[in-house]
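The values are calculated or read from the model by the stated rules, or taken from the named source; none is laboratory data. Bear in mind the structure is a predicted one, so any value in this text is a computation, not a measurement. Glycine gets a Cβ as well: all are built from the backbone with ideal geometry, and neighbour counts include every protein chain shown.
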Amino acid sequence: MIQEILALGKRSLTKWLRNPFSVIAASIQGLFWLALFGNSFNPANALASSAGGSLGILQQAFAGAPNYITFLTPGVIGIVSLVGMSFMGVDLVFDRINGYLDVLRTFPIPRTSIYFGGVLQNVAKGMVTAAVMFLLALLVPNGLRLAQGFGIANLVGVFAIIALLVAVFSMLFTGIALSVKSTDSFFGAVNLLTFPIMFTSTGFFPLSFFPGWLKLVAQANPITLASDAVRLLIVNVSLSSSQFQTVVGDVTGLAIYGALFALLGVLITRNALKAR
């Protein structure tokens with residue numbers, strides 16, 4: 001099945017490489033969040049003693065981040081990944097409309113390879129976008145500040161967590177794409193899910209800013225899990241015991257989401273692509 005997954009993923013990536021507009025669009029969207037939102041809604045603006053965008057007395061509330069964009073960057077990458085994975089799933093809807101999925105149904109390949117091929121190509125696209133976003137965050141005014149001593153191990157940890165988050169969203173929206181028969185249905189589902197996930201996360205502000213009734217929802221949000229773990233790796237060169245446990249807990253939560261969405265996606269694929 002791995003050979004089929006790679007072949008199907010390669011097909012979509014080849015088309016994407018010929019016209020990688022989605023990376024440009026996602027980068028512009030991320031740049032908007034970082035440069036405009038990150039500076040306009042920066043809580044440090046309300047501090048008379050703030051210098052160079054420093055969070056000052058608010059630093060502890062913002063996960064120890066030295067400035068707001070350092071806090072914001074993991075959340076923005078998570079949000080751009082959410083939006084990107086949701087809209088990238090539309091390729092499979094068009095494949096159904098154009099009859100390509102009907103053609104694949106006649107091939108002697110596992111039906112689940114179609115699902116995981118879609119997941120794979122979307123994860124690859126999402127990771128390219130995430131890398132571009134990380135670089136942009138370092139370049140914007142009052143931008144991302146890495147902890148002194150930030151090294152390869154920290155970087156690998158950051159992108160491993162981002163990859164897991166991207167995979168979670170890819171599994172979710174690829175399953176949805178295979179379950180619907182029209183773009184109207186797909187975008188309806190996307191709009192229903194995207195904004196609640198975005199605004200119930202700690203992508204923009206820390207958990208302490210949320211009302212009590214919303215905190216439990218925010219804590220379970222995949223973007224919250226990934227953002228909190230990535231912030232710890234960016235702000236701290238080495239983790240304390242409690243911080244390490246937090247990262248492990250967040251990664252475990254993301255892995256559970258991934259397993260659930262993968263199982264759901266497999267069931268949806270087998271039902272949607274079963275022989276007529």
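Here's a check for you: in the range 97-116, which residue that is under 12 Å from Thr269 (Cα atoms) and not in a loop (DSSP other than H, G, I, E, B) is farthest from the chain's Cα centre (by Cα)? So that I can check it myself, show each step before the final result.
First, pick out the residues of the range 97-116 that are under 12 Å from Thr269 (Cα atoms): 101, 105, 110-116.
Going one step further and asking which of them are not in a loop (DSSP other than H, G, I, E, B), we end up with 101, 105, 111-116.
Working: Leu101: 27, Arg105: 30, Arg111: 26, Thr112: 23, Ser113: 22, Ile114: 22, Tyr115: 19, Phe116: 17 Å.
This residue is Arg105.
Give me the pairs, please: first residue somewhere in the range 59-81 and farther than 23 Å from Ala167 by Cβ and modelled with pLDDT of 80 or more, second residue anywhere and part of a helix (DSSP H, G or I) and of a type in the set (Val, Ile, Thr), beta-carbon distance under 6 Å, and either six or more positions apart or on two chains.
Once the first residue is farther than 23 Å from Ala167 by Cβ and modelled with pLDDT of 80 or more and sits in the range 59-81, its partners that are part of a helix (DSSP H, G or I) and of a type in the set (Val, Ile, Thr) give Ala65/Val235.
Mind listing whichever residues of the range 70-119 are aromatic (Phe, Trp, Tyr) and crowded, with 21+ Cβ neighbours inside 10 Å?
So in the range 70-119, the residues aromatic (Phe, Trp, Tyr) come out as 71, 87, 94, 100, 107, 115-116.
Selection gives Phe71, Tyr115, Phe116.
Note down all Cβ pairs under 9 Å where the first residue falls in the range 10-29 and is assigned to a loop (DSSP other than H, G, I, E, B) and surrounded by fewer than 17 Cβ atoms within 10 Å (Cβ to Cβ), the second is modelled with pLDDT of 75 or more and hydrophobic (A, V, I, L, M, F, W, C), and they're at least six residues apart or on different chains.
Filtered contacts from the range 10-29: Pro20/Val128.
Which is within 15 Å of Gly9 (Cβ to Cβ) and either acidic (Asp, Glu) or out of contact with any strand residue (DSSP E or B) (no Cβ under 8 Å at 6 or more places or on another chain) (or both), of Leu139, Leu104, Leu164? Let's see the steps before the verdict.
Details: Leu139 fails: within 15 Å of Gly9 (Cβ to Cβ); Leu164 fails: within 15 Å of Gly9 (Cβ to Cβ).
On inspection, the qualifying residue turns out to be Leu104.
Considering (1) in a helix (DSSP H, G or I); (2) farther than 30 Å from Arg105 by Cα; (3) out of contact with any Leu (no Cβ under 9 Å at 6 or more places or on another chain), say which one Leu233 fails and leave the rest.
Unmet condition: (3).
So, in the range 173-215, exactly how many residues are modelled with pLDDT of 90 or more, within 23 Å of Phe134 (Cβ to Cβ) and crowded, with 24+ Cβ neighbours inside 10 Å?
Summing the residues that are modelled with pLDDT of 90 or more, within 23 Å of Phe134 (Cβ to Cβ) and crowded, with 24+ Cβ neighbours inside 10 Å in the range 173-215 gives 3.
Tell me yes or no: at least one residue of the range 214-225 is among the charged types (D, E, K, R) and more than 20 Å from the chain's Cα centre (by Cα).
Applying the first criterion (among the charged types (D, E, K, R)) to the range 214-225 yields 215.
Still in the running and more than 20 Å from the chain's Cα centre (by Cα): 215.
Yes; the residues of the range 214-225 include at least one that is among the charged types (D, E, K, R) and more than 20 Å from the chain's Cα centre (by Cα).
Considering only the range 201-213, state which residues are under 16 Å from the mean Cα position of the chain (by Cα) and either assigned to a helix (DSSP H, G or I) or not aromatic (Phe, Trp, Tyr) (or both).
Residues of the range 201-213 that are under 16 Å from the mean Cα position of the chain (by Cα), as a first pass: 201-204.
Scanning the range 201-213 gives Ser201, Thr202, Gly203.
Inspect all residues belonging to the range 120-141 and state whether any of them is among the hydrophobic types (A, V, I, L, M, F, W, C), buried (at least 21 other Cβ atoms within 10 Å of the Cβ) and without any contact (Cβ under 8 Å) to a residue 60 or more places away in the chain.
There is at least one residue in the range 120-141 that is among the hydrophobic types (A, V, I, L, M, F, W, C), buried (at least 21 other Cβ atoms within 10 Å of the Cβ) and without any contact (Cβ under 8 Å) to a residue 60 or more places away in the chain.
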